[in-house]
Amino acid sequence: MKAAIFEKPGLENLEIKEYSDPELTDQEILIRVKVAGINPIDYFVVSGKHGIKSAPRLEVKPLPHIPGAEISGVVERVGNNVNRVNEGERVVVYSRLFDGSCDLCLNSSEMLCKNGGLISVVSNGGFAEYIAVPQQNVFKIPDDMGWDMAASLSVTALTPFHALKEASLKINESLLVFGASGNTGMLAIQFAKKMGAKVIAVTTKNWIKEFGADHITTFDKVIEEVKEFTQGNMAVVVLNTLGADTWQKSLDAVAINGRWVTFGVLTGAEVKLNLQSLYSKQIKLIGSTGGSRKEFKEIIDNSKGLKIKVWKKFKLEEAREALQALFEKEREGRILLNIS
């Protein structure tokens, strides 16, 4: 099979090569990859910023390595003990490998498994014609779901969905989203509207209105406009998808007894915190990562109406260019790999 492979860290080292087809165990499913999402995770793995990691109980061959955390495709073949899906069915991959037996897995928090990790980080990923994954990671998708949406479920959709669940977002509450026109931001808005919240989007992109935002503001005006929109109360929940550069303003925008939640550090991870500002307003700070299989199934079962904006599509042979395009200033929407 053809795959995007690197033998040492560095985007310049990502090449398209022939690679041996995955070997299938009795509990695994071989998927012919249709569309893979381009995600910052993939860039950081290839560049070496995050690096390939080993996981307890997982046999990892660090290099050569195939990136790609968001995977959708068609079942090509199933192992002898597989009963979840059949050959030819359309599927998406839950991107967290897990053992199913640690205390966190048993508490439906597979994304925090002590012995697992993210596909493409602790195992080869989906920038290839085929990938073999455990059957518990494979979910059927509706017949009317497009491949672009399917390739956005496991990270781009699940991450903000879980974050809003962790923040206990409720009907009629106000949600402020930093990075609203980014991959996860556009999904966060849609999930929040399904939850009955009122959404304020921080962005310079007016097209985000199409995704349900009740009000759009810019970073420079966010505090005054949130104050006006909420009649002086500020935002009950603030979602900061960006990190350090938006940290202080995002914290200032939280209402008394509000919640602040994050899963991203694209603009940096180190921040300063005035503890008095935290306890005097009784703000809850929440860290969130990934999401559970139960939440993943919930998204799939309630996916009607969900949409994404696609900016560019690349071929597998253009994987390096696709990763480079992630940080282009003119990018507006998702970047995807059409593989087969």
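The values are calculated or read from the model by the stated rules, or taken from the named source; none is laboratory data. This is a predicted model, so every value here is computed, not measured. Don't worry about glycine lacking a Cβ; one is built from the backbone with ideal geometry, like all the others, and counts go over all protein chains shown.
Computed values, structure above
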item	result
Unique match (being over 22 Å from Ser152 (Cβ atoms) and touching a helix residue (DSSP H, G or I) at 6+ places or on another chain (Cβ under 6 Å)) among Ser108, Ser95	Ser108
Breaking point among (1) assigned by TED's automatic domain parsing to the domain that holds Val202; (2) in contact (Cβ under 8 Å) with a residue 12 or more places away in the chain; (3) exposed (fewer than 15 other Cβ atoms within 10 Å of the Cβ), for Ser250	(3)
Condition broken by Gly264, with the remaining ones in (1) at pLDDT 95 or above; (2) crowded, with 22+ Cβ neighbours inside 10 Å satisfied	(1)
Single condition Ser154 does not satisfy, out of (1) within 24 Å of Leu337 (Cβ to Cβ); (2) surrounded by fewer than 23 Cβ atoms within 10 Å (Cβ to Cβ)	(2)
Top-ranked residue of region 91-110 - restricted to ones that are in a loop (DSSP other than H, G, I, E, B) and surrounded by fewer than 21 Cβ atoms within 10 Å (Cβ to Cβ), ranked as nearest to the chain's Cα centre (by Cα)	Ser109
Number of the condition not met by Trp207 [criteria: (1) in contact (Cβ under 8 Å) with a residue 40 or more places away in the chain; (2) crowded, with 24+ Cβ neighbours inside 10 Å; (3) not assigned by TED's automatic domain parsing to the domain that holds Arg331]	(2)
Selection count, region 1-55, where residues are surrounded by fewer than 23 Cβ atoms within 10 Å (Cβ to Cβ), outside any loop (DSSP other than H, G, I, E, B) and aromatic (Phe, Trp, Tyr)	2
Candidates Ala128, Ala180, Ala201 - the one that is buried (at least 24 other Cβ atoms within 10 Å of the Cβ) and not assigned by TED's automatic domain parsing to the domain that holds Phe229	Ala128
All helices (runs of 4 or more DSSP H) inside region 262-340 with 1 or more residues being in the same structural domain as Tyr130 (by TED's automatic domain parsing)	319-325
All positions within region 210-222 that are assigned to a helix (DSSP H, G or I) and surrounded by fewer than 16 Cβ atoms within 10 Å (Cβ to Cβ)	Glu210, Phe219, Asp220, Lys221
Residue within region 170-182 that is within 17 Å of the chain's Cα centre (by Cα), within 30 Å of Glu23 (Cβ to Cβ) and not in a loop (DSSP other than H, G, I, E, B) present	no
Test result for Leu187, in contact (Cβ under 8 Å) with a residue 60 or more places away in the chain, closer than 15 Å to Phe263 by Cβ and part of a strand (DSSP E or B)	no
Meets criteria (closer than 24 Å to Phe263 by Cα, in a loop (DSSP other than H, G, I, E, B) and either at pLDDT 90 or above or in contact with a strand residue (DSSP E or B) (Cβ under 8 Å, 6 or more places away or on another chain) (or both)) for Gly88	no
